[in-house]
Amino acid sequence: MWGGRFAEGPAAVMREINASIPFDKRLWRQDIAGSKAHVAMLGAQGIVSPEDAARIADGLDRVAAVYAAEGVPEDLALEDIHMATESRLAEEIGAVAGRLHTARSRNDQVATDFRLWVRDAIDAVDAGLKALQTALVARADAHAATVMPGYTHLQAAQPVTLGHHLLAYYEMVRRDRSRFRDARARLNECPLGAAALAGTGFPIDRRATAAALGFDRPTANSLDSVSDRDFALDYLMAAAQASLHLSRLAEEIVLWASQPFGFVRLPDQWSTGSSIMPQKRNPDAAELVRGHAGRITGCLTALMITMKGLPLAYSKDMQDDKPPVFEAHDLLALSIAAMTGMIETLDFRPERMRAAAEAGFITATDLADRLVRVAGVPFREAHHITGAAVKLAEQQGCALSDLSLEALQAIDPRIDEGVQAALSIDASVAARASEGGTAPERVREAVARARAALEAGA
């Protein structure tokens, strides 16, 4: 490629460290697409003849067919997917292949290819996250009235419904999808035509290539065009946040599947056994999703550190931009698919959830609220009265709702005779009907809104 300048070839180690073809071969579809758009523009602008442009486009199609059938060969001497494709194109159509690289550089070529790849990756992730949302909504609908304990500090706090709990993750995923959409909108500018760093003297039409590749517009500054990797960082930031949400849900599944909880039974297809303990049913899929979050976050950190001190414009450090993005994408896609499968097939155990909700004085707040609402007691005073009632129930080894009216009124005579009904688990859940609350009627409304949004493509 640069034999006219160098008298000797690279050392063996230099050849190996310099080559990116082992990983950037994943960009071959985007490289072919970018090259076809570029040569079509060169032909339209009269920079190459229409005949040569047609021959190059036909040759690129033949190269793509070979890659699709046989894969991309890893020739370290050709360094990267761009030179590998150009070399293969020359084998197909001869010396005219050399005209393809007119008015472009590998710098703007790889920036374009990588943006195209990340854009495709975002679309794939969005489809996966939408499938996960659909699964969460379906299970939430089925369990809109299934009572379970809600926790703070992993201590039973107030009763909620399983449907409400699952819809909390729907909301997290909704935000994840919005972050990916924002990232996609920002990246959708085309660097092709920035050339090495300063633009080109050829009369190219950057708007034509941008439109042909589905970009909104060309990038505005040639230096920034070839040195920017914000789009890759945006992708990784969104991926890291999504992986954290998946990890939280995975942790809940691990807890719920454990014997002390027993809220779910893991299906066989999402469990593993033990090599020595035949009774084990291990939540390995959930644990791996949880573990992947650390690796994805590490990928984000790796690229941030790579980019943090680079001067304009392109530096070879930036060749290391793709492995962390590829790794994070693969891990995230696998995690989303696994989590979707688990949510669709988990065997929930409502009776265990209800039993856990009935323990631990979980309706204590309802007693305080009733004192405020019915007797006009200031909340802080009601909180104190309720604490005394909890202490009494603890001493007697019973639930709050099992305390007699006489015992409660001995603590404070303003406690009325309707209090015991209000302290039941179902009454507590039903009472929380404020917007966004856990009452079954609110859960069903939220399910309806979520389904409408999903059907509308949101």
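The values are calculated or read from the model by the stated rules, or taken from the named source; none is laboratory data. In this text the structure is predicted, and so the values were computed from the model without any measurement. No Cβ is skipped: glycine too gets one built from the backbone with ideal geometry, and neighbour counts run over all protein chains shown. Side chains are part of the model used for accessible areas, which takes the heavy atoms of the whole protein and leaves out ligands, DNA and RNA. Shrake-Rupley method; radii C 1.70, N 1.55, O 1.52, S 1.80 Å.
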Against the longest principal axis of the chain, how steep is helix 162-187, in degrees 0 to 90 to the nearest 10, with axes from Cα atoms? 20
Taking H placed 1.01 Å from N in the peptide plane, check which residues at least 5 places from V160 or on another chain put their amide H under 5 Å from its amide H. M148, G150
Counting heavy atoms of the protein chains only and a 1.4 Å probe, report the per residue accessible area for the chain as a whole number of Å². 46
Under the Karplus relation 6.51 cos²θ - 1.76 cosθ + 1.60, θ = phi - 60°, what is the ordered set of whole-Hz ³J(HN,Hα) values for segment 108-113, x standing for Gly and Pro? 6, 5, 5, 4, 5, 4
Determine the share of segment 1-143's accessible area contributed by carbon and sulfur atoms, expressed in whole percent, with a 1.4 angstrom probe. 53
Find the relative contact order for segment 4-162 and round it to a whole percent, using C-alpha pairs within less than 8 Å whose residues are 6+ positions apart. 23
Residue by residue, what Karplus-based ³J(HN,Hα) values in Hz, rounded to whole numbers, does segment 141-152 have, using 6.51, -1.76 and 1.60 with θ = phi - 60° and x for Gly and Pro? 4, 5, 10, 4, 10, 6, 7, 8, x, x, 10, 10
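Roughly speaking, what is the stretch gain from R451 to Q396, that is 0.36 nm per residue apart minus the C-alpha to C-alpha distance, in nm to one decimal? It would help to have the intermediate numbers written out before the result.
On the way: separation 55, 0.36 × 55 = 19.80 nm, distance 4.67 nm.
Gain on extension, R451 to Q396, equals 15.1 nm.
Determine the dipole magnitude for the chain: charges of +1 sit on the beta-carbon of Lys and Arg, -1 on that of Asp and Glu, nothing else is charged, the reference point is the Cα centre, and the result goes in debye to the nearest 20.
On the way: 49 positive and 60 negative charges, 85 e Å.
Dipole of the chain, to the nearest 20 debye: 400 debye.
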Relative contact order for segment 81-222 using alpha-carbon pairs under 8 Å, separation at least 6, rounded to a whole percent? 27
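I'd like the carbon and sulfur percentage of the solvent accessible area for segment 171-283, probe radius 1.4 Å, heavy atoms only, ligands and nucleic acids excluded.
51
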Can you give the angle from 0 to 90° between the axis of helix 50-70 and the longest principal axis of the chain, with both taken from C-alpha atoms, to the nearest 10? 50
For segment 267-421, report the % of Cα-Cα distances exceeding 20 Å. 70
With contacts defined as alpha carbon pairs under 8 Å and 6 or more residues apart, what's the relative contact order of the chain in percent? 16
What number of lysine-lysine pairs in the chain show an alpha-carbon separation below 23 angstrom, given a sequence spacing of 8 or more or placement on distinct chains? 6
In cubic angstrom, how much convex hull volume per residue do the alpha carbon atoms of the chain span? 200
